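What follows is a short report on a single structure.
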Amino acid sequence: MKQMHITETVLRDAQQSLIATRMPFDDFEAVLDEMDQAGYHSIECWGGATFDSCLRYLNEDPWERLRKIKSHMKNTKLQMLLRGQNLLGYHHYSDDTVRRFVRKSVENGMDIIRIFDALNDMRNIQTAVDECLKAGGHAQGCICYTLSPIHNLEMFVSLGKQIEQMGCNSLCIKDMAGIMSPQECYDLVTALRQSIKLPIYVHTHATTGLGYMTYLKAAEAGAAGIDCATSCFSGGTSQPATESIVYALTQMGYDCGVNAHELNRINNFFLPVKEKFSENGMFDPYVLSTKTDALVYQIPGGMLSNLVAQLKAQNAIDKLDAVLDETPRVRADLGYPPLVTPLSQMVGVQATVNVLLGERYKSIGKEIKSYIKGEYGKAPGKINPELAKKVLGDEQPMTGRYAETLKPEFEVAKSYLGDRARCDEDVLSFIAFPQQAEQYFDRRKKTFTASYTIKEVG
C-alpha cells in the first residue's frame, strides 16, 4: 500500500492563520498525549510566529513551551518553520546566532526543521541547514512557490537541486498563499522527483479553495507527505482538514498511518478552544471565506487581512481595491519576490503607502530600501531601474551574502543581559525580539512560587 505522511499543523500554522497565534500552552496541554498516539508523521508546533507570540502576548517562554510539548511526544516527531538567516524574526542575524539558535532548537526537542528563504536565495538557508545536520536534526529545505513571468518549472527544479546538494534530508514545496493549482502541483512534484532523490513534502493553504484538490494531485505525483489541520481549525487561510484528506486518500489506496478515532477525539478537544476564541473576537469567520482574488493578486490570506486592518486604521478601507491593484505592480518593480514573510508585509505596506500618498514611491520604506540594496538576498528578477536609482543613487547593490557582513552578536548580547539571562536560550530570545524578551524577563523576575505544607495539629 502507498504511504502518505501527515503533518498536523493545529499547534502552529493553523492557529497562526486563524487566530493570530494566540493559543496558550494551557489550552492544548491536555490533548498532547492523544496527539502523540494519533499516528502523525510529525506535529508542527513551533517556529513561524509562535516564538514572537509567546513573548509578546502569552507571557510564555517559547523554549519552555517546546520542552513541555516534547515531554509528551514519545512516538511523534516535532516540526518547526525557520526563516533561514531571518530565524524567527524579520531581518538577517549573524551566523553565530543562527548556528546557536538551530542547535538549541534541536537540543530542546525539535526533530524536523523546515527552512526557507523568502527570496528562494539558497545562500540564506545554508548556515541553518548545515548546523541542523551537525546537531542531528532533520533539515527540510524549502522552495517558496509563487507565480510570475520568471518563475517556472525549470527555476523550481534548479532550486530543488541546490537543496539536495547542500545535504538536506527532504524538500518541501511551500505554497503559502494556496495559489498552486492541482495540475501545477502534479507537474512540479513530478519534475522534482525526476530530478532529485529527496522525499518531497507539500504545504498549502485552503485560502483559494484549491488546497484539497492540490493535495490529491500531490499524492498522485508521488509526494511523501502533506500538511493538514484538525477540522475545526482547518479551511480558509489554514490548511485543508486532516480528517477529510485522510478519508479521501484512504479510499484512493493510501496508508496515512493515522487513527481515525483518535483524529475525532483530537478535534472534539479543540472545538471548545475554537469557541473560546470565537467568543473573545480573536477568531473572525472572515478568515474562513474562500478568497479567489489571491489567484489574481497572489496575496496570501494573512497578508490580505493585514492590508484590511491597515486601511481600517487609516479610515481608508475604500482604498482596498486600489491597494490590491497596486500590490502586484510593486511586486513586479521589486523583481517578483515571493509574497511570504517578511516580503509579503514589505510589499503590502509599500503598496498601501503608494496609494494613500497618491504618488508611487513618494515615500519608500526602510525595509524596501534594504531589499533593493541586496541586504535580504538576490532578487528573483530585475528590479525596476528607476526605483533602484532612486534608492541607490550611484551605488551598486551588494552581491555577496549579507550575513557575512554582520559581526558576531551572541556574546555581546549575553554580556549586555548579565544575570537577567538565565541560559543561552534567554540570550537567543533577546537577540530575536529584544524589547519583548526584556519585558518578559522583567515579568518573570516579579513572579515567584511559594511552597508550603499544612500540618494538622491536635
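Read-outs throughout are calculated quantities, based only on the coordinates presented, and are distinct from any laboratory measurement. In this text the structure is predicted, and so the values were computed from the model without any measurement. Using ideal geometry, Cβ is built from the backbone for each residue, glycine included, and neighbour counts are taken over all protein chains shown.
Computed from the C-beta positions of residue 288 and residue 396 and an R0 of 56 Å, the FRET efficiency is 0.75 to the nearest 0.05.
Relative to the current alpha-carbon distance between residue 317 and residue 150, full extension at 0.36 nm per residue lengthens the span by 56.9 nm.
Among 237, 127, 292, 399, the ranking by other beta carbons within 10 Å of each residue's beta carbon, starting with the fewest, stands as 399, 292, 127, 237.
Based on C-alpha pairs under 8 angstrom that are at least 6 apart in sequence, the chain has a relative contact order of 17 percent. Label reach from residue 422 (point 7 Å along Cα→C-beta): in region 61-80, amide nitrogens under 18 Å belong to 61-71. Calculated FRET efficiency, residue 278 to residue 213, Cβ-Cβ distance, R0 = 25 Å: about 0.35 to the nearest 0.05.
As an equivalent ellipsoid, the chain spans semi-axes of 33, 29, 24 angstrom, where each value is the square root of five times an eigenvalue of the C-alpha gyration tensor, largest first. Evaluated over region 2-279, the count of Lys pairs having alpha-carbon atoms less than 19 Å apart is 12 (only pairs 8 or more residues apart or interchain). Going 7 Å from the Cα of residue 382 toward and past its Cβ, which residues in region 145-171 have a backbone nitrogen under 12 Å from where you end up? Inside the label zone: nothing.
Exposed loop sites, defined as GluC sites (Glu not before Pro) outside DSSP H, G, I, E and B with at most 13 other Cβ atoms within 10 Å, are absent from the longest region of the chain, namely 1-358. Sparse packing (at most 12 other Cβ atoms within 10 Å of the Cβ) combined with a DSSP loop state is found for the following trypsin sites (Lys or Arg not before Pro) in region 278-366: 362. Diffusion coefficient (Stokes-Einstein, Kirkwood radius over C-alpha pairs, 37 °C, 0.692 mPa s) for region 293-403: 230 µm²/s, rounded to a whole number.
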